[in-house]
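Below you'll find the structure, written out as structure tokens, and then a few comments.
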Amino acid sequence: MSIKIKICSTLFLFGTILFYSCKKEELPVPKHDPGNVITSTVNMNIDYRYQIFYDLETNTAVSQNLKTTWDLGFETSESGYRVILNSAKAMYVYNTNSTDFNSVTDTSGLSAGKKMESPAGNMDSTAIGDWQTASNVYIIDRGYNETGVHQGFRKIIFQSVDGQKYSVHFAQLSGIGDTTLEIYKNSTYNFTFLSFSTNATVIIEPPKADWDIVFTQYLEAIPSPYLVVGALLNRYNTSAKMDSMTAFHNITYELAELQVLSSNINSIGYGWKEYNFSNSSYIVFPQMCYIIKDSKGIYYKLHFIDFYNISGNKGNPKWEYQKL
């Protein structure tokens, strides 16, 4: 009996050793390796005439355009129907509630009934709204160029939309330039853009996966509509949050993961600077840090450190940022 017990005990011990020797060791979670701190700047010009699209991953200004190059942006998803105004020109829209295109010849009602674009970029709260319910005539106030010259008015009917294209009918209020145009969708981009200066579509934004923020003027309600200069987020799966309590160098990947970020396009906005009337210049608040998550799921931290170039010209946002 004792021999059998000894043999069983030996076999049990051997099996136990074999089991644990074959069990895989747990792999440690690799430490998240942050990138280098990068300093970047863009030149919007002293009159803020340029819109500049920036990609954080490649530290590149992907494209830029004059803010006057476009008027309307048409949503490009298959089910998309929404249309946005170019807020950089301080544009407005007025729904006349008339379906008679030829009868609309002046700006009557515009002053009291005009709407601006949503500063947060909520696509369910666009200034034009859901135009599909009626073929109404809308008056478009085209806003101003960089020197303050008004760009005139257009009247437009959004006639139809399907999975591939829009059909629109527009003209000057006098009827000059009467145009019917098909505007095609391309889901590689957030929007297809229309210029009333050329009565044609134009490419403005880079492909939606190729950029993160755009430096531009836009209308903010503070509380009345006011044209500000700031950084807006890409609408495509990009989000951010401001943190003024944590120093830039103390913001980590682990901290960023705990934050509830916002997809409002003005989550960075204009508030990182303020105009000082006593010395007629802008001051920048580097303690206002921004945690950004791009469309690829990559986290960054960013803060602004200047708004002037070495020659003292405004319109040159300068910032530090780091991939977390």
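The values are calculated or read from the model by the stated rules, or taken from the named source; none is laboratory data. Just so it is clear, the structure is predicted and the values come from calculations on it, not from any experiment. Here the Cβ is made from the backbone with ideal geometry for all residues, glycine too, and neighbour counts use every protein chain on show. Areas reflect the complete protein model, heavy atoms only, side chains present, ligands, DNA and RNA absent. Shrake-Rupley method; radii C 1.70, N 1.55, O 1.52, S 1.80 Å.
Amide H to amide H distances under 5 Å link residue 71 with 194, 195, 196, where only residues 5 or more positions off or on other chains count and H is placed in the peptide plane. In sequence order, region 280-286 has phi-based couplings of 6, 8, 8, 10, 10, 10, x Hz under the Karplus curve 6.51 cos²θ - 1.76 cosθ + 1.60, θ = phi - 60°, and Gly or Pro positions carry x. For region 247-324, trypsin sites (Lys or Arg not before Pro) meeting the loop criterion (DSSP other than H, G, I, E, B) and having at most 14 other Cβ atoms within 10 Å: 296. As a ratio to 2.2 N^0.38 Å, the alpha-carbon radius of gyration for region 119-196 is 1.20.
Ellipsoid fit via the Cα gyration tensor, the chain: semi-axes of 52, 28, 16 Å, each the root of five times an eigenvalue, largest first.
Shape class of region 191-270 from the alpha-carbon gyration tensor: oblate, with a/c at 1.5 or above and b/c at least as large as a/b. Along region 294-304 the Karplus relation, 6.51 cos²θ - 1.76 cosθ + 1.60 evaluated at θ = phi - 60°, assigns HN-Hα couplings of 8, 5, 8, x, 8, 9, 9, 10, 8, 9, 8 Hz to successive residues, with x for each Gly and Pro.
At a probe radius of 1.4 angstrom, the accessible area of the chain per residue rounds to 52 square angstrom. I need the Debye-formula profile for region 175-324: one equal scatterer per C-alpha, no solvent, reported as log10 I(q)/I(0) at q = 0.14 1/Å, two decimals. Per q value, in the given order, log10 I(q)/I(0) is -0.81.
Our estimate of slack between residue 250 and residue 33, defined as 0.36 nm per intervening residue step minus the Cα-Cα distance, is 76.7 nm. Rg/Rh, computed from the Cα trace of region 32-186 with Rh as the Kirkwood radius, has the value 1.04.
Taking 19 Å as the cut-off, the amide N atoms of region 151-167 that come nearer than this to a point 7 Å along the Cα-to-beta-carbon line of residue 202 belong to 151-156.
For region 264-306, the relative contact order comes to 30 percent (Cα pairs under 8 Å, sequence separation of at least 6). Residues in region 75-89 carry Karplus couplings, in order, of 4, 9, 5, 4, 8, x, 9, 7, 10, 10, 8, 7, 5, 5, 9 Hz; the curve used is 6.51 cos²θ - 1.76 cosθ + 1.60 with θ = phi - 60°, and Gly or Pro positions show x. Mean sequence separation of contacting Cα pairs (under 8 Å, at least six apart), scaled by the length of the chain, corresponds to a relative contact order of 19 percent.
Give the relative contact order (percent, whole number) for region 141-266; include only Cα pairs under 8 Å separated by 6+ residues. Intermediate values should be presented prior to the final figure.
Working: 173 pairs, mean separation 15.6, N = 126.
Result for region 141-266 is 12 percent.
Full extension of the segment from residue 122 to residue 224, taken as 0.36 nm per residue of separation minus the current Cα-Cα distance, would add 34.9 nm.
Centroid-to-centroid, using Cα positions, region 181-234 and region 103-164 are 15 Å apart. Reducing region 36-85 and region 255-279 to their Cα centroids gives an inter-centroid distance of 17 Å. For region 142-250, the spread of Cα positions along the three principal axes, ordered from largest to smallest, is 59, 35, 22 Å. Judged by the mean number of other Cβ atoms found within 10 Å, the most tightly packed of the peptides 147-154, 213-220, 276-283, 111-118 leads the ranking 213-220, 111-118, 147-154, 276-283. Can you count the Lys pairs in region 224-324 with C-alpha separation below 20 Å, eight or more apart or on different chains? Number of lysine pairs found: 15.
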